[in-house]
Every structure is written in structure tokens, then in C-alpha cells.
Amino acid sequence: DDAFLAWGWRVPFLLSIVLVGVGVFVRISISESPVFEEVKREKSTAKAPIMVVLRSYPKETLLVAGCSIAFGVAFYLMAVFGVSYGTGQLGKTNSEMLTIILVAMAFTTVGVVFFGWLSDRVGRRIIFLTGSIGMALLAFPWIWLISSQSFAATLAGYLLLCLPYSAAWGTAGVFFAERFETRARYSGVSVGFTIGNIAGSAVAPMIATSLFSAFQTASAVGWYLVAMAAISVISAILLIETQPTRETTASEPAAVQ
């Protein structure tokens, strides 16, 4: 522990240099989509895409924000509140909780790839909604399992919640992107996603801690996740309904199907 506090915590940050290099390589290697290349050839790219988003897509942007809340809150409840609750209230060690987080995130990585693949076959909408509803349904089983003294039960709880989390997170980017025209797509998704993160993820650990302190039970945190998931489910349903109202011209096909 002393070695970790002295210098060990710096190692992940140093290793992130490698990830930055990988990210730059991937970005350079991947060409723009044919749809965006066509927009550039026609010189119809938006000079101020953020203004296009705010003027033409305010409803979609807010609904994307609402959709983003559930999986953002779920992640920070697992990564921050769950660890604090396990070590502070249940006597689990930091090593145990961090191992659980590591295994859960590895499981999530596989889940994201799987649900992304599945969404190509059955549609983003149904997978995203299933994931958001699943987080609501599994909020209390997660709480009950992590409240156990058992390492295995706690790990099972995390893996259980990571399943619907992976479904929502794995399809969110493309599901959101399909709501905006090509020239404003990146800005629309970015603005909506950021608003959702500020409203949900940024305050999730603080709200969870306050609820636990006020009610002296982790069930209050479960209700919090249920409420946030309900917001995302409603937002996704309304976001689905907006798509048929905006016709797509022949020169503006959906970039992703």
C-alpha cells in the first residue's frame, strides 16, 4: 500500500501514453464515411454545426441527454459508490473491490462488442431500450448482491448490472447519431451526451452518498438508479418517435443503419 501511494498510482497514467498513441493511429487510419465525404464534396458542411443543432435539433439533443443519464449514473454507482460502500460499510478490502471492478469492466468490454454486433441485426432501438429497462429491473438485485459479505455474490451483482449497461452503452453512439443529419451529427451527439453526463454522471456519486446517509439503506440508491433509468427509457421512446417526422433526402442518407 505504501508503494502504491508513493508512486504506484502514477503507473496507469504513464501507460495511458500508449493508449493515446493507439487512438491517434486509429483516427489517422480510419477514413471519413462516404456520406460525410459527399457532404464535403458538395461543400454543404455547416460552418457552425453547433448552431444547426441548437436551431434544428433542440428536442433531439435534450432527448439524447436524457438517454445518456442511465448508463452514466450506473457506471459511477458501480465504480465509485459501490467501491466506497463495499470498503466503508461492509469491510471489503480495496483489493477485492478493485478486482471486482476490473473483472466487471472486462466483461463489459465483451458485452459492448456483442451488443454492438447484435444491434446491426435486430436494430439499435430495441437493444438500447432493453439495456435501459434492464438497468431499472436489476438495480435492486445489484444492491442486494453487493450488500453481501461474499466476494462471489458482489462480483455476480456487478456482472449482472453490467449486462444491460453493456447493451445501452454499446449501441448508444450509433443510436444517437442516427437522429441527426450528417453535417451536424457529431455536434448533436456530443452536446446531448455532455448534457446528460453533467446532469447524471457528474453528480451520481454525491447523490448516492447523500441518499445513503439520509435513509441509512442502500435501497435508496437502488431507487435512484431506477428513476434515472426511467428517464432514459422515456427519452428513448420519444427519441424514436422523432425519426419518422424528418424526411431524409437522397443526398442525405443515414450515415449508419
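Since every read-out is calculated from the coordinates, none of them should be taken as a lab result. Everything quoted here is computed from the prediction, not taken from an experiment. Cβ coordinates were reconstructed from backbone atoms using ideal geometry, including for glycine residues, and neighbour counts include every protein chain displayed.
Numerical summary
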quantity: Region 34-245: relative contact order as a whole-number percent, Cα under 8 Å and 6+ apart; calculated: 39
quantity: Ranked packing of 91-101, 173-183, 195-205, most packed first, by mean Cβ within 10 Å; calculated: 173-183, 195-205, 91-101
quantity: Backbone HN-Hα couplings from phi across region 210-224 [Karplus 6.51/-1.76/1.60, Hz, Gly and Pro as x]; calculated: 5, 5, 5, 5, 6, 9, 6, 8, 6, 4, 4, 5, x, 5, 4
quantity: Distance histogram in 10 Å bins (all Cα pairs of region 34-245, percent per bin); calculated: 9, 32, 32, 17, 7, 2, 0
quantity: Ratio Rg/Rh, restricted to region 87-150 and using Cα atoms, in which Rh is the Kirkwood radius; calculated: 1.10
quantity: Which of W169, W223 has the fewest Cβ neighbours within 10 Å, and the rest in rising order; calculated: W223, W169
